[in-house]
Each structure stands twice: as structure tokens, then as C-alpha cells.
Amino acid sequence: RNNATRAEFTNYDLSNPFAEGGFRWVAKGIYTHGERRGEACVCKWFKSGFVYEGSYFDLDIRANDKALEIIEEWNIRRYINKVVKINMPEVWTFNDNSSGSWSGRKVLQEPFISNYRKYNSNSGWALNSSPWPRVMQALSHFSYHITGGQCVLCDLQGGEYRDAICLTDPVILSRSRSYGVTDLGPEGISSFFCNHECNEFCKSNWIQPRDQNRYHRLQAGTSMIRARTGANQAVTRYMDNDYDDDDDCDY
């Protein structure tokens with residue numbers, strides 16, 4: 001969690017995001033007040049334009065809340081000797097003293113994650129080269145089992161640390177398509193399991209869907225459903241760029 005009340009971003013960082021998702025930009029800043037003072041953080045905003053109402057991020061918060069619920073169930077069972085964590089974003093507002101047109105704009109705020117790596121996608125693509133990617137595949141399978149076949153936690157990505165892994169920007173696939181444009185629904189769940197191979201971290205009693213046909217193209221990027229056409233769109237969640245210092249924006 002943020003465990004902070006204020007952060008600072010340079011104008012340069014806001015104008016030159018160091019990372020991007022399919023529909024959001026990501027800028028890096030520094031917490032200036034609170035327990036995390038001096039630590040790196042990020043803010044995320046929509047590529048389609050700025051928003052001034054926190055409700056625009058409701059589906060992001062909902063997906064993270066569901067992901068946290070699943071991850072807590074995973075940790076309770078101690079399938080591995082390390083802990084899985086997740087960044088829990090909050091909606092923050094740039095204050096009235098922010099430069100340019102940033103004043104009043106809403107963004108998603110969360111701690112910065114180092115050692116970033118992507119483990120699987122919402123279409124079924126997955127790494128299997130080392131223990132953590134296989135653990136993440138097992139976590140996705142577990143999520144389907146623990147929710148009684150209603151959801152799959154996927155598009156898992158984050159940073160590896162000595163005793164834990166910290167995830168960010170998860171996707172929830174659901175039977176009810178309740179989690180936004182990256183929720184590919186029942187067809188997404190089937191597509192995910194079409195490519196899933198149980199490994200040493202999966203349990204034999206975990207349930208799987210009867211339909212394991214592929215409905216979405218397998219790709220490492222995050223797939224989104226376009227509201228009007230229903231077409232698949234592939235995106236790459238993160239792309240690193242250089243950043244520097246300039247004037248500051250607070251919020």
C-alpha cells in the first residue's frame with residue numbers, strides 16, 4: 001500500500017512517462033510525506049485523457065480487491081515458503097499548486113516496483129523458465145479453483161525480492177465480465193486453460209473448466225475487448241524509458 005499522504009513528480013517525468021500500458025501512461029516520482037517518504041512511487045493515468053472523478057478507476061480498484069482476496073487465500077495455505085504481495089493502488093488528486101494543467105487531475109497512485117518481470121498474460125501466454133513463473137501459473141490455476149470456477153487471476157507481473165514477490169496491474173477474468181476491458185469473460189478463461197500446463201506447484205484436486213478451447217490469440221501483451229466491435233487488441237503493459245529531473249508537481 002502507499003502508506004503515504006503526498007508525492008512529488010517532475011514536469012519532465014509527467015511529460016515523458018517511463019512506462020505505458022494499453023490505455024494508461026506511467027510516471028515515476030517520490031513520496032514526500034508519510035511512512036514511505038523518500039521512496040519511489042508511480043502514478044498512472046488514461047491515455048485517452050485526464051479525469052477529475054475517482055469513479056473512472058472503480059474497475060481497477062475492484063480488480064485489485066478481488067486479486068488481494070485470492071492472494072490472501074493462497075498465502076494462508078503456504079504452498080510455497082515465500083509470500084505473494086500485491087500493490088494496492090489508490091486514487092490521488094494533483095493539488096491546486098501543481099503546474100500546468102495538472103491541478104485537480106485524478107491518477108492511480110502506488111509504490112514503484114523494481115526487478116520488474118511479466119509471468120503470464122490474460123490470453124494464456126506464460127513463462128515457464130524458472131520457479132517464480134511456474135508459481136504464478138499455479139496461482140492463476142488456484143484462483144479458478146478457489147472461486148469455484150468463476151474467476152481467473154492472471155496477467156501477473158511484478159518484482160521479485162528475497163522473501164516475496166510483489167505484483168501490480170493484475171487482470172481478473174470472470175464469468176460475468178465484471179472487471180473492465182481486460183476481462184475477456186468465459187472465453188478468456190477457456191483460452192487461458194487451453195495453454196495451461198499444471199506444474200509442481202499445482203494440486204491435482206484443483207478444478208479446471210470443461211471448455212478449454214482457444215478463443216483469443218495467444219500473446220504476451222495484455223488483450224482487451226473493444227466495446228463496440230468485440231475485437232481483440234494486443235498491448236504491451238510496460239516499456240522503460242530514461243527519465244530526468246525538472247520542475248515539480250505535487251499531489
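Given N residues in region 1-134, what is its alpha carbon radius of gyration divided by 2.2 N^0.38 Å? Provide the component values of the computation, followed by the final result.
Working: Rg = 16.4 Å, N = 134, 2.2 N^0.38 = 14.1 Å.
Taking N as the residue count of region 1-134, the ratio is 1.16.
A simple charge model with +1 on the Cβ of Lys and Arg, -1 on the Cβ of Asp and Glu and nothing else charged puts the dipole of the chain at about 1160 debye relative to its Cα centre.
Considering every alpha-carbon pair of region 68-202, the percent of pairs per 5 Å bin, from zero through the bin containing the longest distance, is 2, 10, 19, 21, 18, 12, 8, 5, 4, 2, 0.
With angles folded into 0 to 90 degrees, how steeply does helix 58-77 sit against the dominant principal axis of the chain? Use alpha carbons for both and round to 10. The angle comes out near 50 degrees.
Relative to the longest principal axis of the Cα atoms of the chain, helix 185-195 runs at roughly 70 degrees. Estimated at 0.36 nm per residue, the fully extended path between Thr93 and Phe201 surpasses their Cα-Cα distance by 34.8 nm.
Calculated from the alpha-carbon coordinates, the chain shows an Rg and a Dmax of 18.3, 57 Å respectively. In whole percent, how big is the carbon plus sulfur part of the accessible area of the chain, probe 1.4 Å, protein atoms only? That share works out to 44 percent.
Taking 7 Å steps out from each Cα toward its Cβ at Ile61 and Asn3 produces label points 2.2 nm apart. Extension gain, Arg217 to Asn11, is 70.3 nm, computed as 0.36 nm per intervening residue step minus the present C-alpha separation. Let me make sure I get this right: for region 158-210, a, b and c are the square roots of the gyration tensor eigenvalues over alpha carbons, sorted descending. Under 1.5 in a/c it's rounded, otherwise prolate if a/b > b/c, else oblate. Which is it? Here region 158-210 falls in the oblate category.
Given an 8 Å cut-off on Cα distances and at least 6 residues of separation, report the relative contact order of region 1-55 as a percent. This gives 33 percent for region 1-55. Pull up the cross-link candidates among the lysines for Lys203, meaning alpha carbon to alpha carbon under 22 Å and not fewer than 8 places away within one chain. Within reach: Lys66, Lys82, Lys85. Run the quick spin-label model on Arg77 and Lys47: label points 7 Å from Cα toward the beta carbon, then report their separation in nm to one decimal. About 3.6 nm, to one decimal. In region 140-181, the C-alpha radius of gyration followed by the widest Cα-Cα span (Dmax) gives 11.9, 37 angstrom.
Taking every alpha-carbon pair under 8 Å whose residues sit at least 6 apart, the chain reaches a relative contact order of 24 percent.
Can you work out the accessible area per residue across the chain, with the rest of the protein chains kept in place, probe 1.4 Å, in square angstrom? Display every interim value, and only then the final one.
Values: 11880 Å² over 251 residues.
Result: 47 Å² per residue.
How big is the gap, in Å, between the Cα center of region 212-226 and the Cα center of region 93-122? So the separation of the two Cα centres works out to 26 Å.
The values are calculated or read from the model by the stated rules, or taken from the named source; none is laboratory data. Everything numeric here is computed off the predicted structure, so don't read it as measured data. Positions of Cβ are generated from backbone atoms using ideal geometry, with glycine treated the same way; all protein chains shown enter the neighbour counts. Ligands, DNA and RNA are stripped out before the accessible areas are found, and what is left, the full protein with its side chains, is counted by its heavy atoms. Shrake-Rupley method; radii C 1.70, N 1.55, O 1.52, S 1.80 Å.
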